[in-house]
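Heads up: the structure comes next, in structure tokens.
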Amino acid sequence: MNANELESIAQALVAPGKGILAADESTPTITKRFEAINLPSTEEHRRAYREMLFTTPGLENFISAVILFDETIRQKAADGTPFPELLRQKGIIPGIKVDKGAKPLALFPGEKVTEGLDGLRGRLAEYVDLGARFTKWRAVIRIDDAIPTPACLAANAHALARFAALSQEAGLVPIVEPEVLMDGDHTLERCEEVTTATQRMVFRELAEYRVVFEQMLLKPNMVTSGKDCPNQASVREVAEATLRVLRHTVPAAVPGIVFLSGGQSDELATRHLNAMNQIDKAPWQLSFSYGRALQSAALQAWHGSDVLAGQRALLQRAQSNSAARYGRYPEESQTEKLAA
Ligand code: 13P
């Protein structure tokens, strides 16, 4: 895999009108999602759910890539086709979440550091053999009065940089995901301050560890009011604050920014992306890598068995977010409320 191939993959992940489906929920997380529809989280249910998503007719028109979990990249469709191969046949690029989750940061109450660097080089080689072309690692930053601390930001940025360097060494495009959580009653301004500090630290470490910006993507949170903040910022304010932070922190050499949805409602996640793409020309592609905002409606509609209804719901969200990549999403609702 030469440097140009990694650049081509990074660019294909943010191809015009397309975004990424994050379907990399760990077993505990997908179990939580299934509990909401009273479905036991068996391996077969998890497999059938992912098969429903991946075989959606026309998905490849709006979705460039899917992020898989370790169990999923080893599973097969009912006809025996391995999931990475099934996606590849549709022109969708398979990728893999490689972190081992956010764990409490010792001596720093309320803060977390993401683990998974030990043995990562060997795991990456196996994922390449299984068909993965890109990787993802998520760091989690919580806002409260006295946090995040500089130590928490530094520990997470360091891990993200080591992960990204190992991925590029293995011929995989890293998606670097520092997520500042929406949990809490903080203001939009506080989220802007913390997101700026987080991304500054991340890009300093990425440069220090010789990560090639042209061969990676950033997966950040949008800059929003905390979920419990009584004063919720408007769509326009979120879009402007998010773009301001990105312009101050992200090198123009990075080909694309793929936002996470982070607990926003489906509708709001789409409208925020749409507003950003309407504002002006940014140096990077502004796209999506949503988990919940693409899947919630599909999971509800599928409900364990209704494949066609699940696929219809997924396609509808994928199509709306594709329109938002061009700033062409119709304003469906005037109420700007966040999902619980
Ligand atoms: P959400 O869009 O549900 O935040 O998930 C994206 C993701 O990949 C989190 O790691």
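The values are calculated or read from the model by the stated rules, or taken from the named source; none is laboratory data. Just so we're clear, the structure is a prediction, and the values are computed from it rather than from any experiment. Using ideal geometry, Cβ is built from the backbone for each residue, glycine included, and neighbour counts are taken over all protein chains shown.
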Practice task
Return yes when residue 176 is modelled with pLDDT of 95 or more, surrounded by 21 or more Cβ atoms within 10 Å (Cβ to Cβ) and over 26 Å from residue 119 (Cα atoms) and no when it is not.
Solution key: no
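Go through the stretch 132-171 residue by residue and tally those that are of a type in the set (Val, Ile, Thr) and in contact with a helix residue (DSSP H, G or I) (Cβ under 6 Å, 6 or more places away or on another chain).
We begin by selecting, within the stretch 132-171, every residue of a type in the set (Val, Ile, Thr); these are 135, 140-141, 143, 147, 149.
Still in the list and also in contact with a helix residue (DSSP H, G or I) (Cβ under 6 Å, 6 or more places away or on another chain): 135, 141, 143.
The qualifying residues number 3.
For (1) farther than 27 Å from residue 170 by Cα; (2) of a type in the set (Gly, Ala, Ser), each residue gets a yes or a no:
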site	(1), (2)
6	no, no
9	no, no
20	no, no
23	no, yes
29	yes, no
36	yes, yes
41	yes, yes
44	yes, no
51	yes, no
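Here's the yes/no breakdown for (1) surrounded by fewer than 21 Cβ atoms within 10 Å (Cβ to Cβ); (2) among the small types (Gly, Ala, Ser); (3) at pLDDT below 95:
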| site | (1), (2), (3) |
| --- | --- |
| 169 | yes, no, no |
| 184 | yes, yes, no |
| 196 | yes, no, no |
| 209 | yes, no, no |
| 223 | no, no, no |
| 234 | yes, yes, no |
| 238 | no, no, no |
| 258 | no, no, no |
Practice task
Given the conditions (1) surrounded by fewer than 22 Cβ atoms within 10 Å (Cβ to Cβ); (2) touching an Asp or Glu at 6+ places or on another chain (Cβ under 8 Å); (3) among the hydrophobic types (A, V, I, L, M, F, W, C), report the number of the one that residue 10 does not fulfil.
Solution key: (1)
Exercise for the section: Please verify whether the stretch 306-322 includes one or more residues that are farther than 28 Å from residue 7 by Cα, modelled with pLDDT under 95 and not basic (Lys, Arg). Expected result: no
Exercise for the section: Look at residue 266 and say whether it is within 29 Å of residue 44 (Cα to Cα) and buried (at least 20 other Cβ atoms within 10 Å of the Cβ). Expected result: yes
Practice task
Specify which of the listed residues (319, 300) is within 22 Å of residue 35 (Cβ to Cβ), of a type outside the set (Asp, Glu) and out of contact with any Cys (no Cβ under 8 Å at 6 or more places or on another chain).
Solution key: 300
Handout entry: the stretch 206-220, residues that are within 7 Å of residue 254 (Cα to Cα) and either within 16 Å of the ligand (Cβ to nearest atom) or among the hydroxyl-bearing types (Ser, Thr, Tyr) (or both)
Key = 216, 217
Practice task
Return yes when residue 271 is among the basic types (Lys, Arg), surrounded by 18 or more Cβ atoms within 10 Å (Cβ to Cβ) and modelled with pLDDT of 95 or more and no when it is not.
Solution key: yes
Exercise for the section: Report yes if residue 105 is in contact with a helix residue (DSSP H, G or I) (Cβ under 7 Å, 6 or more places away or on another chain) and away from the ligand (no atom under 16 Å from the Cβ), otherwise no. Expected result: yes
Fill in the blank from the handout: Taking the stretch 14-54 and keeping only residues that are farther than 16 Å from residue 291 by Cβ, of a type outside the set (D, E, K, R) and part of a helix (DSSP H, G or I), one is left with 45, 48
Practice task
May I ask you to list pairs of residues, at least six apart or on different chains, whose Cβ atoms are under 9 Å apart, with the first in the stretch 288-315 being at positive phi and the second being modelled with pLDDT of 95 or more and within 16 Å of the ligand (Cβ to nearest atom)?
Solution key: 304/34; 304/49
Completion exercise
Reported set for the stretch 139-157 where residues are in contact with a strand residue (DSSP E or B) (Cβ under 8 Å, 6 or more places away or on another chain) and part of a loop (DSSP other than H, G, I, E, B) is 142, 143, 148
Exercise for the section: Residue by residue through the stretch 147-156, note down the ones that are surrounded by fewer than 24 Cβ atoms within 10 Å (Cβ to Cβ) and closer than 24 Å to residue 96 by Cβ. Expected result: 155
Practice task
Would you confirm whether any residue within the stretch 307-320 is assigned to a helix (DSSP H, G or I), more than 20 Å from residue 227 (Cα to Cα), within 16 Å of the ligand (Cβ to nearest atom) and in contact with an Asp or Glu (Cβ under 9 Å, 6 or more places away or on another chain)?
Solution key: yes
Exercise for the section: Filter the stretch 285-306 for residues that are in a helix (DSSP H, G or I) and either of a type in the set (A, V, I, L, M) or in contact with a Leu (Cβ under 6 Å, 6 or more places away or on another chain) (or both) and give the result. Expected result: 293, 294, 297, 298, 299, 301
